[in-house]
Every structure is written in C-alpha cells, then in structure tokens.
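Okay, so here's the structure we're looking at.
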Amino acid sequence: MKFPAVGVDQVLGFLKVVHHLGGRADVMYINDAVDADLGDLSHVIDAAEALGLVKFSGGDVELTPEGKRAVESPVKNFQQYLKSKLASVEPFRQLVEYVAEVKSASVEEVLEFIESLGYGEEDARKILDWAVFAQLVEIDGEEVKLA
C-alpha cells in the first residue's frame with residue numbers, strides 16, 4: 001500500500017476531532033462534523049491507521065494509545081514517534097536511503113525521486129513535508145539532507 005499523500009495537519013486535525021469526541025466516533029459523524037469529502041477523509045484515516053494512531057472497524061474510528069498521546073503530548077514527542085515509525089514505512093524508508101546515499105540533494109531532486117516512486121508533484125511535496133516534520137530529513141536552504 002502506498003502511503004496516502006495527505007497533509008500532516010490533516011491527520012493531526014482528524015486526531016483532535018476524534019479525541020474531542022471521546023476517542024471513538026462514527027466516521028459519518030466525523031465527516032459531517034468537519035464537512036470533509038469522505039474520499040479525502042478515507043485517505044486521512046488510512047494515513048493515521050498506517051502510523052498506528054487509530055483503529056478503524058465497522059465504520060468507527062478509535063484512537064490508539066499512540067493516537068491519544070499524539071494529541072495530548074507536546075509536538076516534539078509526536079515528532080519522535082513519527083521519526084521511529086516512518087523510518088520503516090514506504091516511501092520514507094526509500095527517501096532516507098536516497099538522501100543518505102547522495103549525502104545532499106536539492107529539493108527538486110528529492111521531489112523528483114519521490115515522484116519516481118509513483119507520486120504526483122503535489123503528493124510528493126506532502127510526502128517531503130511528512131519527512132521534514134518527522135525530522136527524517138531537513139531542508140537547509142535549497143538542500144535536503146539527513147536530519
């Protein structure tokens with residue numbers, strides 16, 4: 001499964017809504033509450049589930065202990081969790097290997113690499129945003145290197 005190209009802010013916002021609703025809620029209720037397109041919401045749920053932040057079954061979504069911590073703990077703690085989790089998730093594992101191999105690459109080269117893994121231009125930017133947020137890589141000027 002390809003990692004869904006959704007924004008970090010979309011996943012965090014979704015987790016906050018579920019938390020506010022008591023940590024468990026019907027997806028249709030969340031869809032109405034946030035006035036989201038169910039297709040977009042399903043990608044956000046897929047991303048949160050791939051990261052171990054929610055469990056989804058029978059139309060209900062429930063925060064895992066990690067999902068609850070993501071909402072209640074300082075962002076720095078969530079970033080540390082993501083760094084360890086994303087390091088083994090595709091395409092992030094390949095991205096880290098690529099940057100480690102080339103030592104330093106331009107943002108455009110990194111985006112082209114992500115696109116070569118089957119992501120569109122906008123989606124490649126979202127994947128790079130996740131990698132930067134999780135501190136797998138950092139952008140220094142116009143260069144991307146390992147964090």
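Which value in nm describes the separation of the simple spin-label points at ALA147 and LYS85, placed 7 Å from the Cα toward the beta carbon?
1.4 nm
Among 84-95, 42-53, 19-30, how do they line up from the highest to the lowest mean number of other beta-carbon atoms within 10 Å?
Ranked from most to least packed, the peptides come out as 42-53, 84-95, 19-30.
Stretched out fully, how many nm does the piece from ASP140 to ALA100 gain, at 0.36 nm a residue minus the Cα gap?
Result: 12.9 nm gained on full extension.
Cut-off 15 Å, label point 7 angstrom out along Cα-to-Cβ of HIS20: give me the residues of segment 37-75 whose amide nitrogen falls inside.
Counting backbone N atoms under 15 Å from the label point, the list is 71-72.
With every protein chain left in place, what is the accessible area of ILE139 in Å² (1.4 Å probe, nearest 10)?
80 Å²
Report the dimensions of the chain along its three principal axes from the alpha-carbon atoms, largest first, rounded to Å.
That gives 45, 29, 24 Å along the principal axes, largest extent first.
Just to confirm the filter: which trypsin sites (Lys or Arg not before Pro) across segment 103-145 are DSSP coil and have at most 15 other Cβ within 10 angstrom of their Cβ?
LYS103
The values are calculated or read from the model by the stated rules, or taken from the named source; none is laboratory data. Predicted model, so just to flag it, every value in this text is computed and none were measured. Neighbour counts are summed over all protein chains in view; Cβ atoms, including those assigned to glycine, are modelled from backbone coordinates with ideal geometry. Surface areas here come from the heavy atoms of the whole protein model, side chains and all, with no ligands, DNA or RNA. Shrake-Rupley method; radii C 1.70, N 1.55, O 1.52, S 1.80 Å.
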